[in-house]
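Computed from the coordinates by the stated procedures, all read-outs in this text should not be read as laboratory data. Note that the coordinates shown come from a computational prediction; the quantities given were computed from them, not determined experimentally. Here the Cβ is made from the backbone with ideal geometry for all residues, glycine too, and neighbour counts use every protein chain on show.
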Amino acid sequence: MIGFDVACLPVLLPSLGHANRLIRLHGAEILRMIVQREAARQPRLVLTTELLSPEMAELLLRNLAIDTSSAIRACTAEIVVFLADPRTAPVLRNLLHDQQWFVRMRTIRALPHLRQPVATLHLDLRECLRDPHWRVREAAIRTLIALGRKGKRQLYEHFLTSRDRTSCEQIVEVIERTGLMSTLVEEYGSGTKGVDALMVEQLASEAAPLGLSGVLRTLNSDLRQKFLDRFLPYEEAKMRFLGEAVSDLENPISPQQVLEFPSYVAA
């Protein structure tokens, strides 16, 4: 049935509500593949009541999202993101905290397709950066990057304030693999400020100097010089600042305090 058109979706209703777990799973997988294939053809696809019957939407949100089968719950997450229904927000939030790691991972990966706005989406994803499973954390990192400026800001703020070395190293690794490092370096050389600039300075100073040096070698001479013209004075000022503060151990500076002074650190 995966070759059928989205107009045929309502005929899957009996399978989705079947008492047999395997039949429900097959129905959910067929529905997921049809929807994702159509979304590839129509990037703005929304599952309205005209495409998906109200009974099927009700079944997805109320039953399959809490099905005893973790595979069905994961599959459901990848479908309901396309629904134009305000009830999707609490359903997805519950799936982000599912007991099975791959349900959490697949839910996170599906969120860039979310059709119903969720006010706390970026904050919910930021919490997933603390997940005990590394694949869930990686999915959260990639999804925050995919969600644009607001998502990246949450990612950068987590990186700059977290004391979880494992999580921070994973963020650096993904930033390097996705090519985001090059974008950060170019924007820094062009004068970007705030958290984006703080992120570059942290990566260059401590977190990923080797990866950043590799990026600098790929830039043309003008872009590389713009970066160095800005970064080297900052690094020298930081070293002087640390030298003056070394005796003031009673008032250590936390990462959060640094974030509150972007005009000085990321000038």
What is the helix-to-structure angle for 209-218, meaning the angle in degrees between its Cα long axis and the longest Cα principal axis of the chain, kept from 0 to 90 and rounded to the nearest 10? 90 degrees
What angle, in degrees between 0 and 90 and rounded to the nearest 10, separates the Cα long axis of helix 180-189 from the longest principal axis of the Cα atoms of the chain? 40 degrees
Between ALA146 and TRP134, what is the label-point separation in nm under the 7 Å Cα-to-beta-carbon projection? 2.1 nm
Using alpha-carbon coordinates, inclination of helix 221-245 to the longest axis of the chain, degrees: 70 degrees
For labels at HIS18 and THR178 in the simple 7 Å Cα→Cβ model, what's the distance in nm? 3.9 nm
Please report, in debye to the nearest 20, how large the charge dipole of the stretch 119-178 is about its Cα centre when each Lys and Arg carries +1 at its beta carbon and each Asp and Glu carries -1 there. 180 debye
Between the stretch 1-73 and the stretch 79-141, what's the alpha-carbon centroid distance in Å? 18 Å
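If you take the alpha carbon radius of gyration of the stretch 1-113 and divide it by 2.2 N^0.38 Å, what ratio comes out, to two decimals? Show your work: numbers first, answer last.
Working: Rg = 12.7 Å, N = 113, 2.2 N^0.38 = 13.3 Å.
The value comes to 0.96.
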At 222 nm, what value in deg cm²/dmol follows for the chain if DSSP H runs of at least 4 each add -39500 (n - 2.57) and the sum is divided by all its residues, to the nearest 500? -20000 deg cm²/dmol
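Determine the dipole magnitude for the chain: charges of +1 sit on the beta-carbon of Lys and Arg, -1 on that of Asp and Glu, nothing else is charged, the reference point is the Cα centre, and the result goes in debye to the nearest 20. Let's see the in-between values first.
Values: 33 positive and 32 negative charges, 148 e Å.
The calculation lands at about 720 debye.
If you stretched the chain out fully between SER205 and THR166, how much longer would it get, using 0.36 nm times the residue separation minus the C-alpha to C-alpha distance? Don't skip to the end; give the middle numbers.
Working: separation 39, 0.36 × 39 = 14.04 nm, distance 1.80 nm.
That pair, SER205 and THR166, stretches by 12.2 nm at full extension.
Kirkwood Rh over alpha-carbon pairs of the chain, then Stokes-Einstein at 25 °C and 0.890 mPa s: what D in µm² s⁻¹, rounded to an integer? Walk me through the numbers on the way to the answer.
On the way: Rh = 20.9 Å.
The diffusion coefficient I find is 118 µm²/s.
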